[in-house]
Amino acid sequence: MTEDFLKYQAQTGPTPLSVEVSHANGSYIYDTKGNTYLDFVAGVSANTLGHSNPTIVKAVQEQAASYMHVMVYGEYVQKPAVDVSKLLAEQLPDSLSTTYLVNSGTEAIEGAMKLAKRATGRGEIIGAKHAYHGNTQGSMSLMGFEERKQAYRPLLPGIKFITFNSEADLQKITHKTAAVLLETIQGGAGFIEPKNDYLKKVKQRCEDVGALLILDEIQPGFGRTGKLFGFMNYGIIPDILVMGKGMAGGMPIGAFTASYDMMALLKDAPKMGHITTFGGHPVIAAAALATLKELTNSTLIPQTLEKEKLFRTLLVHPLIKEIRGKGLMLAVIVENEELTNFLVLEGMKRGLILFWLLFESKAIRITPPLTISNEEIEEGCTTILGLLNEWNSQNVN
């Protein structure tokens, strides 16, 4: 199967991990060779409620048996899409009342950029250095990492960059700016949190010049930081909210949310300002609804902060320089890239799934399912500490 995988399925890099998956359940993935892996990555923050969550599986099966795709987005009234959009509105501030459901986080970024230009009549979008918002042309234009972009230029014009957490750079936001688009917590850069009320200051500057603030919650969203969305930790409300990844517990989805009046701009003058065939797909929407109900009707979200404390208590070692992030969106920072690679690759051999971050080579991603148990956290951290000790013993001068 691996040979066919490498031959017939397009790859994203020269050395894929190539685990042949048999099945997955809870916090574990099982391969076709009988190996078991404790998953500290959750499909890169997507499997919010763990693998093969029975509530999500039931919702998917029941909806698939009722109807699947029947019409392009926005024409027919389909209960799963309506219900998940309504429940989202009930959980969000009043100004974030209307949701456009799409197929992925990067499509949601594209829609949010279009909406900001339509709402303001301006063309300039400001992103952050070391940002990552997806890999389509518009999203890539906002990627603050030239090495990943240079082979695909020309990209969108009218893009400028500021440094995340730099107050001096706020003056670059002007009356020409349609929107500032930021990750609430920078992901690929190493899970960098906003400091000193930075997001409040960005929002105030946007209001002063008539620009919009778009927050990318594709990674922090859906309970990972101790709140349903990361921005709720920082005392601000974005004009447009972008989400994806963990929204449907492992099913492909994205969305962008704004006020009713702003979102109405996409339906006229011109009509069909944003269209999608499969956005709001009833089976995917059913999974998203089941995920959101579980998150809002349980204690999983506040538990992420207690589990963060456990990680920070356990992961103490001279080779760990710091642990960044919040809740179950954590990055362990070590001394060099070689150690990062050792932990990821050797961890897999020992039955623990860790992963890299896009731009910070000294970071190890820890974003497990929110359903992970304390015992599973202790099991994985014991493996990490053992690997660090092994690295020390192999590299003694």
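See the values below:
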read-out: Proximal lysines to residue 79, defined as alpha-carbon separation beneath 21 angstrom and excluding residues fewer than eight positions away on the same chain; value: 58, 267, 293
read-out: Kyte-Doolittle at least 0.0, axis length at least 20 Å by Cα - qualifying DSSP helices, the chain; value: 282-296
read-out: Cut-off 9 Å between beta-carbons: net charge of the residues surrounding residue 27, Lys and Arg +1, Asp and Glu -1; value: -2
read-out: Square roots of 5 times each gyration tensor eigenvalue, C-alpha, the chain, largest first, Å; value: 33, 26, 20
read-out: Cα-based shape type of the stretch 315-366, given that a ≥ b ≥ c are square roots of the gyration tensor eigenvalues and the cut on a/c is 1.5; value: rounded
read-out: Accessible solvent surface per residue of the stretch 101-229, calculated while the other protein chains remain in place, 1.4 angstrom probe, Å²; value: 38 Å²
read-out: Solvent-accessible area, 1.4 Å probe, carbon plus sulfur percent, for the chain; value: 53 percent
read-out: 10 Å Cβ shell holding at most 12 others, DSSP loop, GluC sites (Glu not before Pro): longest site-free stretch of the chain; value: 76-397
read-out: Charge sum, other residues only, whose C-beta stays under 12 Å from residue 134's C-beta, Lys/Arg counted +1 and Asp/Glu -1; value: -2
read-out: Sparsely packed trypsin sites (Lys or Arg not before Pro) within the stretch 199-280, loop by DSSP, other Cβ within 10 Å at most 10; value: 271
read-out: Solvent-accessible area per residue for the stretch 279-365 (1.4 angstrom probe, square angstrom); value: 39 Å²
read-out: Lysine pair count for the stretch 101-223 [Cα-Cα under 12 Å; pairs on different chains or 8 or more apart]; value: 4
read-out: The stretch 154-277: relative contact order in percent, alpha carbon pairs under 8 Å with at least 6 residues between; value: 18 percent
read-out: Reachable aspartates and glutamates from residue 245, criterion Cα separation under 17 angstrom, eight or more residues apart if same chain; value: 39, 107, 110, 183, 216, 217, 294
read-out: Cross-link partners of residue 349 among lysines (Cα-Cα below 22 Å; sequence separation of 8 or more within a chain); value: 33, 362
read-out: Convex hull volume per residue for the stretch 229-283, taking Cα atoms only, in Å³; value: 94 Å³
read-out: Relative contact order, percent, the chain [alpha-carbon distance under 8 Å, six or more residues apart]; value: 23 percent
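The values are calculated or read from the model by the stated rules, or taken from the named source; none is laboratory data. This is a predicted model, so every value here is computed, not measured. Heads up, the Cβs are rebuilt from the backbone with ideal geometry, glycines too, and the neighbour counts pull from every protein chain shown. We work out accessible area using only protein heavy atoms, side chains counted, and drop any ligands, DNA or RNA first. Shrake-Rupley method; radii C 1.70, N 1.55, O 1.52, S 1.80 Å.
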